[in-house]
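Enquirer: Here you go, one structure.
The values are calculated or read from the model by the stated rules, or taken from the named source; none is laboratory data. Bear in mind that the values here come from a model prediction, so they are computed numbers and not experimental data. So basically every Cβ, Gly included, is an ideal-geometry build from the backbone, and we count neighbours across all protein chains shown.
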Amino acid sequence: MAAILVAHHPADAKEVFAGKVAFVSDGDTLWVRPHGGGAPRKLRIEGIDAPEICQAGGEAARAALKRRVLHQQVEVTVRRHDDYGRGLAHIRVNGNDLGAELVRAGQAWSYRWRRSLGPYAAEEAAARAAGLGLFAARQAELPRAFRQRHGPCYAKSR
């Protein structure tokens, strides 16, 4: 399937493609090789925030994402790019929302912005109530707070 670019207005631009997951670098970042050809694309799953790889739960989050998608076919919708050049993407696996699955399993937080609890607030609440994954720890620390206290752990993970 070839990549499709939809652009009515630059803010509305998005790219949709299908591909195969080639690599998982952490709990919310993966590389997808488009079926249409070309090099693998580095993508961050939109709407979630997984623990940093050097943070408690980081290795488990990466392992969970690998088990779920490595070498699997996915459908990708890139909505924009982040400061690191990664495509921020909504990803579907077998028709299922990957971000929702990861948050529901307790492997990531719903991404918070200002006063919003994010797009997966209900999935996060259910994972917290069940004590799943990183929510088994009483004081699981948001990745944003971890980075503010310790800085990023790029040298170890990317």
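Enquirer: Does region 123-138 include one or more residues that are modelled with pLDDT of 95 or more, within 13 Å of G47 (Cβ to Cβ) and part of a helix (DSSP H, G or I)?
Expert: Within region 123-138, one or more residues are modelled with pLDDT of 95 or more, within 13 Å of G47 (Cβ to Cβ) and part of a helix (DSSP H, G or I).
Enquirer: Quick one: which residue in A105, A56, A89 is under 22 Å from A137 (Cα atoms), at pLDDT 95 or above and not acidic (D, E)? Spell out the reasoning first.
Expert: Details: A56 fails: at pLDDT 95 or above; A89 fails: under 22 Å from A137 (Cα atoms).
Going through A105, A56, A89 in turn, just one is under 22 Å from A137 (Cα atoms), at pLDDT 95 or above and not acidic (D, E): A105.
Enquirer: Scan region 114-124 and tell me whether some residue there is under 16 Å from D28 (Cα atoms) and surrounded by fewer than 16 Cβ atoms within 10 Å (Cβ to Cβ).
Expert: The answer is no; no qualifying residue exists.
Enquirer: Here is a further query. Which one of A136, A108 is among the aliphatic types (A, V, I, L, M) and out of contact with any Asp or Glu (no Cβ under 9 Å at 6 or more places or on another chain)?
Expert: Details: A108 fails: out of contact with any Asp or Glu (no Cβ under 9 Å at 6 or more places or on another chain).
Just one listed residue meets the conditions, A136.
Enquirer: Right, next: Scan region 69-85 for residues that are touching a strand residue (DSSP E or B) at 6+ places or on another chain (Cβ under 9 Å) and not in a strand (DSSP E or B) and jot them down.
Expert: If we filter region 69-85 for residues that are touching a strand residue (DSSP E or B) at 6+ places or on another chain (Cβ under 9 Å), which is where we start, we get 69-82, 84-85.
Matches in region 69-85: V69, L70, H71, Q72, D82, Y84, G85.
Enquirer: Report the residue count in region 20-68 for those that are assigned to a loop (DSSP other than H, G, I, E, B), of a type outside the set (D, E, K, R) and within 17 Å of R104 (Cβ to Cβ).
Expert: Here is the first cut: in region 20-68, the ones assigned to a loop (DSSP other than H, G, I, E, B) are 27-28, 35-40, 46-47, 50-57.
Cutting the leftovers down to of a type outside the set (D, E, K, R) gives us 27, 35-40, 47, 50-51, 53-57.
Those still in the list that are within 17 Å of R104 (Cβ to Cβ) too: 27, 47, 50-51, 57.
Qualifying residue count for the region: 5.
Enquirer: Here is a check on your reading of the model: is E141 outside any helix (DSSP H, G or I) and among the charged types (D, E, K, R)?
Expert: Yes; evaluated as a whole, the condition is true for this residue.
Enquirer: Follow-up. Does region 15-30 contain at least one residue that is among the acidic types (D, E), over 21 Å from L142 (Cβ atoms) and touching a residue at least 60 places away in the same chain (Cβ under 8 Å)?
Expert: The first filter runs over region 15-30 and keeps only residues among the acidic types (D, E), leaving 15, 26, 28.
The next check asks that each one be over 21 Å from L142 (Cβ atoms); those that pass are 15.
Filter once more, so that each one left must be touching a residue at least 60 places away in the same chain (Cβ under 8 Å): 15.
The answer is yes, given that some residue of region 15-30 is among the acidic types (D, E), over 21 Å from L142 (Cβ atoms) and touching a residue at least 60 places away in the same chain (Cβ under 8 Å).
Enquirer: Sort out which residues of region 146-158 are within 18 Å of the chain's Cα centre (by Cα) and at pLDDT 75 or above, and write them in order of number. Don't jump to the end; show me each part of the working.
Expert: Residues of region 146-158 within 18 Å of the chain's Cα centre (by Cα): 146-147, 152-154, 157-158.
Residues satisfying the conditions are F146, R147, P152, C153.
A quick yes/no check of all residues on (1) in contact with a Phe, Trp or Tyr (Cβ under 9 Å, 6 or more places away or on another chain); (2) more than 28 Å from S116 (Cβ to Cβ); (3) at pLDDT 95 or above:
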| site | (1), (2), (3) |
| --- | --- |
| M1 | yes, yes, no |
| L5 | no, yes, no |
| A18 | no, yes, yes |
| P34 | yes, yes, yes |
| G37 | no, yes, no |
| E52 | yes, no, no |
| A63 | no, yes, yes |
| H71 | no, yes, yes |
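Condition check ((1) among the basic types (K, R); (2) buried (at least 17 other Cβ atoms within 10 Å of the Cβ); (3) in contact (Cβ under 8 Å) with a residue 60 or more places away in the chain; (4) out of contact with any Phe, Trp or Tyr (no Cβ under 6 Å at 6 or more places or on another chain)) across all residues:
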{"position": "G57", "(1), (2), (3), (4)": "no, yes, yes, yes"}
{"position": "R67", "(1), (2), (3), (4)": "yes, no, no, yes"}
{"position": "E75", "(1), (2), (3), (4)": "no, yes, no, yes"}
{"position": "Y84", "(1), (2), (3), (4)": "no, no, no, yes"}
